[in-house]
1. Out of all the residues in segment 158-169, is one or more farther than 21 Å from S272 by Cα, free of Cβ contacts under 8 Å to residues at least 24 places away in the same chain and of a type in the set (D, E, K, R)?
2. Pull up segment 259-280, narrow it to residues that are at pLDDT 85 or above and either in contact with a Pro (Cβ under 9 Å, 6 or more places away or on another chain) or crowded, with 20+ Cβ neighbours inside 10 Å (or both), then point me to the one that is nearest to G9 (Cα to Cα).
3. I'm trying to understand the selection: among the residues of segment 235-256, which are under 12 Å from T42 (Cβ atoms) and not in a helix (DSSP H, G or I)?
4. In the list L23, L46, L29, L55, which residue meets the criterion of being touching a Gly at 6+ places or on another chain (Cβ under 7 Å) and surrounded by 13 or more Cβ atoms within 10 Å (Cβ to Cβ)?
5. For segment 241-254, check the following and say yes or no: at least one residue is more than 20 Å from Q32 (Cα to Cα) and either at pLDDT below 80 or open to solvent by 40 Å² or more (accessible area, probe 1.4 Å) (or both).
6. What's the number of the condition L144 fails, among (1) modelled with pLDDT of 85 or more; (2) out of contact with any Leu (no Cβ under 8 Å at 6 or more places or on another chain); (3) not acidic (D, E)?
7. Kindly provide the set of residues from segment 96-127 that are under 17 Å from F307 (Cα atoms), part of a loop (DSSP other than H, G, I, E, B) and not aliphatic (A, V, I, L, M), ordered by number.
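The values are calculated or read from the model by the stated rules, or taken from the named source; none is laboratory data. Just so we're clear, the structure is a prediction, and the values are computed from it rather than from any experiment. Cβ atoms come from the backbone with ideal geometry, glycine included; neighbour counts cover every protein chain shown. For accessibility, only protein heavy atoms count, side chains too; no ligands or nucleic acids. Shrake-Rupley method; radii C 1.70, N 1.55, O 1.52, S 1.80 Å.
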Amino acid sequence: MQKKNILKGVLFVGIGASIYGMLATFVKLAYQEGYTTSEVTTSQFLLGLIGLLVLNFFQTITSKKALPSPTSKEVRNLMLAGTSLGCTSLFYYIAVQYINVSIAIVLLMQSVWFSVVVESILTKKWPHTRKIVSVIIVLLGTVLATNLVNESLDLDWKGIFWGLMAAASYTLTMFTSNTLATHLPVFRKSIIMLCGGSVIVFGFLFFAQIGPLHFEGLKSLYLNFTENTEHIHAFNYSIFWTYGLILSLFGTVIPPILFNIGFPNAGLGLGSIVSSLELPVSVTMAFALLGEKVIFIQWVGIVLILFAIVLMNLPKKERISYAGN
């Protein structure tokens with residue numbers, strides 16, 4: 001029975017990670033059809049919120065026992081934590097405006113070593129040797145996977161900046177998701193966090209596409225860091241029935257459900273290893289659907305990053321002591 005549960009957990013986490021890995025490719029396709037970052041993120045979060053509300057409703061009426069409700073403090077903390085969720089999507093989607101999806105996903109995976117740094121700061125303990133080695137391997141893999149060794153490569157600094165910002169936000173999201181209100185049902189917790197993320201997304205929508213940019217200083221700063229065509233047309237509502245549904249299902253509804261079913265069965269270590277499937281799936285999708293060029297040295301870098309994730313999450317060997325020795 002235990003093996004069956006582990007296999008189930010691995011399967012659910014693997015499918016969830018693979019689905020999440022497809023997300024950026026669909027975002028890029030939406031950009032190619034003229035949709036903006038604010039339209040993409042708004043449709044994803046709004047439809048995702050509606051989907052989770054429907055699922056929460058059915059879970060509530062079909063549950064045989066009363067489901068726990070969050071306190072006002074938990075709601076406040078979860079909404080605050082959810083802002084990092086909105087920032088992750090927003091920063092990641094801005095990044096893919098300037099750089100290839102295969103590069104953006106590598107930058108997002110820098111959350112692997114970002115989390116090591118954050119954990120060390122919070123625990124006030126130096127990371128053990130294996131984690132330090134893993135971080136070095138991730139950095140080496142990143143250099144290869146982004147093809148930085150190619151002197152003729154011209155990477156847009158805006159894409160690099162927003163990709164790293166997405167990784168920082170993603171790190172914060174992972175920490176808060178695993179520590180705040182863990183007793184709540186997944187749908188209720190996800191709804192509250194998504195509301196927090198929606199504040200960021202809807203704020204960006206108003207600033208970028210609906211509200212006028214009155215102040216020249218803010219306008220100049222905005223144009224320097226985002227696509228300069230965001231505000232030139234009214235909101236295109238067709239995004240909701242074209243890419244919005246796909247993005248909401250693949251980004252805010254299905255993966256969290258699969259992860260919350262899979263991780264308890266697979267365990268955090270094994271689950272983290274399997275969830276790294278997001279990286280090769282994302283690169284493969286970009287190669288297949290977008291025609292992005294991925295050379296051999298980049299695949300070597302991707303393999304190194306995956307190896308570092310496995311190394312970091314392998315269980316520690318327990319020392320066995322024998323009485324009388």
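1. No.
2. E278
3. F235, N236, Y243
4. Working: L46 fails: touching a Gly at 6+ places or on another chain (Cβ under 7 Å); L29 fails: touching a Gly at 6+ places or on another chain (Cβ under 7 Å); L55 fails: touching a Gly at 6+ places or on another chain (Cβ under 7 Å).
Exactly one residue qualifies, and that residue is L23.
5. Within segment 241-254 (the criterion being more than 20 Å from Q32 (Cα to Cα) and either at pLDDT below 80 or open to solvent by 40 Å² or more (accessible area, probe 1.4 Å) (or both)), the answer is yes, since at least one residue qualifies.
6. (2)
7. Q110
The rows are residues; the columns are (1) without any contact (Cβ under 8 Å) to a residue 24 or more places away in the chain; (2) within 13 Å of the chain's Cα centre (by Cα).
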{"residue": "T88", "(1), (2)": "no, yes"}
{"residue": "Y92", "(1), (2)": "no, yes"}
{"residue": "V106", "(1), (2)": "no, yes"}
{"residue": "S115", "(1), (2)": "no, no"}
{"residue": "L139", "(1), (2)": "no, no"}
{"residue": "L148", "(1), (2)": "yes, no"}
